[in-house]
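Enquirer: Questions regarding the structure given below will be posed in turn.
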Amino acid sequence: MSQTQAAERLERVRGKIIDFRLRPPTGPYRNFFTPTVVGAVNRILDMPTPRSYTISTDPFPNAEERAIAAVIDEMDSVGVRLGVMNGRHSVNRPVPVHIEDADLSELSARTDNRILGMAGIDFDKTNEEIIEGLDIAVKEHGLIGVCMEPGLARTPMYADDERLFPLYEKIADLNIPLLFMSGPLAGPDISHTDPVRFDRVAKRHPSMPVILGHGCFPYATEAVALAFKSEATGIHNVFVSPDVYMFAPGGDVFRQGANWIPNRFVYASAYSFAGVAESVHLSAQLDLTDDAFDAYMYRNAEALLRPALNR
C-alpha cells in the first residue's frame with residue numbers, strides 16, 4: 001500500500017481509533033514493564049522503545065506526569081480516541097506485579113478518561129473475594145471489563161479450569177467483555193494459550209464477549225478458526241486481538257483472517273512494546289480492505305465497549 005493510501009485511511013478513522021491494550025508508563029506498570037524488559041522485547045520485535053515511555057524513566061521531577069501527557073499527545077497525533085489498560089496480578093514472573101483496580105481508576109482520571117481500565121484478577125484471593133471485587137471494580141471504580149491471566153497464577157491454571165467457572169458467571173452477569181492474556185508468555189508453557197481452552201469457556205457463556213489478547217500466538221490459524229466459528233455459528237462471541245503479533249512471523253494469518261471475518265478482530269498496540277503512533281501507522285499499511293481496516297481499528301471495539309460506556 002502506498003503512503004498516500006495509508007494516509008487517506010488514517011484520515012478517515014481519525015478520532016475513532018480504540019487501542020485495546022495500552023499500558024501507560026506509570027509506577028504500577030513499570031514494576032513489571034521495566035526499561036530492561038521493554039528494551040529486550042522491543043529489540044526482538046524490531047520496534048523502537050517509545051519516547052513517551054523513556055520519559056517516564058527520566059530522573060527528573062514530574063517524569064511520570066510528563067510521560068502520561070506524552071502518551072496522550074501521541075494518541076492525539078494519530079487520532080486514537082480511547083485506550084484500554086488492564087489490571088494484573090502476576091506472581092510467577094521475575095518481578096511480581098500487582099496493578100490494582102483502584103490504580104486503574106486513578107489513572108483513568110489522570111488521563112481525563114482517555115484510557116479506561118479492565119479489572120485484573122488476583123488468584124491469591126478466594127472466588128468470593130474476587131466476585132465481590134468485580135462488583136466494586138465495575139460499579140464503584142467504573143472499570144469497563146475484566147482481564148484474566150490464569151496461567152500466571154501462583155498455581156497456574158488453564159482457562160477452562162472448573163475453579164474459574166463462578167468468575168465467568170459473574171462477568172457474564174455484569175455484561176462486560178472478558179479479555180484473556182494469551183500468547184507465548186501466558187503461562188509456564190504455550191499449552192496455556194491453546195485456543196481450545198478459550199473455545200470451551202466462550203461456549204459456556206455465548207453472550208459474553210471474549211477477546212483473545214495477543215491472538216493466541218503462535219496458534220494463529222486456530223485462533224482465526226475460533227473467530228470464524230463464532231461468526232458462522234453464533235455459539236459463542238470470540239474476538240481476536242493480535243496486537244504486535246500481527247507483525248510477527250506467521251502474522252499473515254491474522255491479516256488474512258481480518259479480511260475474511262472482519263467483525264472478529266480488535267486493534268491494539270500493546271504499548272510499550274510498540275509506540276501508540278507507530279503501531280497505528282504500521283497498521284494503516286496492512287493489506288486489509290477498507291471495511292476490514294475500519295472494523296479492526298475501531299468499529300468492533302466500539303461495539304464491545306458500548307454497554308459499559310452507556311451505563
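Enquirer: Note the direction-averaged projected area, equal to a quarter of the hull surface, for the Cα convex hull of the chain, in nm².
Expert: 14.4
Enquirer: Still on this structure, I have one more. Given the chain, what percent of its DSSP beta bridges are antiparallel, to the nearest 5? Before the final figure, lay out the partial values.
Expert: Details: 3 of 25 bridges.
Beta bridges within the chain, antiparallel portion: roughly 10 percent.
Enquirer: Using a probe radius of 1.4 Å on heavy atoms only, what accessible surface per residue do you get for region 160-308? Whole Å² is fine.
Expert: Averaged over the residues of region 160-308, the accessible area is 35 Å².
Enquirer: With the chain treated as a Gaussian network of Cα nodes joined by springs under 10 Å, which of PRO195, PRO177, PRO96 yields the largest mean-square fluctuation?
Expert: PRO96
Enquirer: Looking only at region 120-137, which residues have a backbone nitrogen under 20 Å from a spot 7 Å from the Cα of ALA109 in the C-beta direction?
Expert: 120, 133-137
Enquirer: Which of ALA274, ALA69, ALA295 ends up with the largest GNM mean-square fluctuation for the chain, with Cα atoms connected below 10 Å?
Expert: Highest fluctuation among the options: ALA69.
Enquirer: Tally up the carbon and sulfur contribution to the accessible surface of region 29-82 as a whole percent, 1.4 Å probe, everything protein left in place.
Expert: After summing per-atom areas, the C and S share lands at 57 percent.
Enquirer: Something else now. Rank ILE115, ILE235, ILE17 by mean-square fluctuation in a GNM of the chain with C-alpha springs under 10 angstrom and give only the top-ranked residue.
Expert: ILE235
Enquirer: Given points 7 Å out from each Cα along the Cα-Cβ axis, report the ASP135 to THR36 separation in nanometres with one decimal.
Expert: Here the modelled spin labels are 4.3 nm apart.
Enquirer: I've got another one for you. Output needed for region 1-136: three equivalent-ellipsoid semi-axes, defined as square roots of 5 times the C-alpha gyration tensor eigenvalues, in descending order, whole Å.
Expert: Details: eigenvalues 159, 75, 48 Å².
Each semi-axis is the square root of five times an eigenvalue, giving 28, 19, 15 Å.
Enquirer: Could you give the length gained by full extension between ASP124 and ASP161, i.e. 0.36 nm per residue of separation minus their alpha carbon distance, to one decimal place?
Expert: Going from the current span to full extension adds 11.8 nm.
Enquirer: Given 0.36 nm per residue, what is the gain on full extension from GLU169 to GLU278 after removing their alpha carbon distance, in nm?
Expert: Length difference between fully extended and current span is 35.4 nm.
Enquirer: Counting only heavy atoms of protein chains, what accessible area per residue, in Å², does region 5-93 have with a probe of 1.4 Å?
Expert: Heavy-atom SASA per residue in region 5-93 reads 42 Å².
Enquirer: Determine the share of region 243-311's accessible area contributed by carbon and sulfur atoms, expressed in whole percent, with a 1.4 angstrom probe.
Expert: 50
Enquirer: Would you please state which residues of region 149-169 a label at ARG204 would reach in this model, taking the label point 7 Å out along Cα→Cβ and a backbone N cut-off of under 15 Å?
Expert: Answer for this model: 149-151, 157-169.
Enquirer: Same structure, new question: Based solely on its DSSP helices, what 222 nm [θ] is calculated for the chain when runs of n ≥ 4 H residues each add -39,500 (n - 2.57) and the sum is averaged over all residues, nearest 500 deg cm²/dmol?
Expert: Computed mean residue ellipticity for the chain: -13000 deg cm²/dmol.
Enquirer: Moving to a separate point now. For region 216-299, take every pair of Cα atoms, bin their distances at 10 Å starting from 0, and report each bin as a whole percent.
Expert: Pair shares across the bins are 20, 54, 24, 2.
The values are calculated or read from the model by the stated rules, or taken from the named source; none is laboratory data. These numbers were taken from a predicted model, which means no experiment stands behind them. Cβ atoms come from the backbone with ideal geometry, glycine included; neighbour counts cover every protein chain shown. Accessible surface areas use protein heavy atoms only, side chains included; no ligands, DNA or RNA. Shrake-Rupley method; radii C 1.70, N 1.55, O 1.52, S 1.80 Å.
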